[in-house]
Amino acid sequence: EILIGLVGSEMCIRDRTYTVEAVGDEQLTPKSDRDTVRIRYAVRTADGRTVESSYDRGDTTRMAVGDLLPGVSESVRLVGQGGRINAWLPAALAYGAAGNDTLGVAPNATLFYEIELLEVKKDDPRRR
């Protein structure tokens, strides 16, 4: 379900914290792992260091929801197209115990994600 009434409110679900900045279009919320989303995002460490940012690169990322990191996949399902969400994600939902040497993410790092859901394309099972 989209989190109407929670815009700007912080909520905790298990071991992660979300803040919905804008709900977006309720009719265009990704539900299936096969739905495709186009997002802009920034990822920061707990001390505020930017790890990766599509904003800085001036681009967007398009992926199937099921191909996103688990915490990002969960985050985009909480808003609709045009929505924005911030999330503190534990390592288990981000880069895990291994971290990511290329990005400079330490093992077991909790990361802050700023995500803007620009577009949702629903999977059409009839086209498979």
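Seen from Glu116, the other residues with C-beta closer than 10 Å to its C-beta sum to a net charge of +1, counting Lys and Arg as +1 and Asp and Glu as -1. Sorting Ser32, Ser75 on solvent-accessible area from highest to lowest, probe radius 1.4 Å, gives Ser32, Ser75.
On a per residue basis, the convex hull of the C-alpha atoms belonging to the chain measures out at 114 Å³. The relative contact order of segment 24-128, computed from alpha carbon pairs under 8 Å that lie at least 6 residues apart in sequence, is 37 percent. Placing unit charges on each Cβ (+1 for Lys and Arg, -1 for Asp and Glu) gives the chain a dipole about its Cα centre, and among Ala97, Ala64, Gly48 the Cα reaching farthest toward its positive end belongs to Ala64.
Test of understanding: what is the full-extension gain from Met63 to Thr102, defined as 0.36 nm times their sequence separation minus their Cα-Cα distance? Before the final figure, lay out the partial values.
On the way: separation 39, 0.36 × 39 = 14.04 nm, distance 2.02 nm.
Computed gain between Met63 and Thr102 is 12.0 nm.
Other residues whose C-beta falls under 13 angstrom from the C-beta of Gly104 contribute a net charge of -1, scoring Lys and Arg +1 and Asp and Glu -1. Rolling a 1.4 Å probe over the protein heavy atoms of the chain, with every protein chain left in place, gives an accessible area that is 46 percent carbon and sulfur. Across segment 47-100, C-alpha contacts under 8 Å between residues 6 or more apart give a mean separation that, scaled by the residue count, equals a relative contact order of 28 percent. For Thr19 and Arg126, the FRET efficiency from 1/(1 + (r/R0)^6), where r spans their Cβ atoms and R0 equals 35 Å, is about 0.40.
For segment 42-94, the solvent-accessible area of protein heavy atoms averages 43 Å² per residue (probe radius 1.4 Å; ligands and nucleic acids excluded).
Direction-averaged projected area, Cα convex hull, segment 22-90: 4.7 nm², rounded to one decimal.
The values are calculated or read from the model by the stated rules, or taken from the named source; none is laboratory data. This structure is a prediction, so every number in the text was calculated from the model and none was measured. A quick note on method: Cβ atoms are made from the backbone with ideal geometry, for glycine too, and the neighbour counts reach across all protein chains shown. For the accessible areas, the whole protein counts, side chains as well, though only heavy atoms, and no ligand, DNA or RNA atoms are used. Shrake-Rupley method; radii C 1.70, N 1.55, O 1.52, S 1.80 Å.
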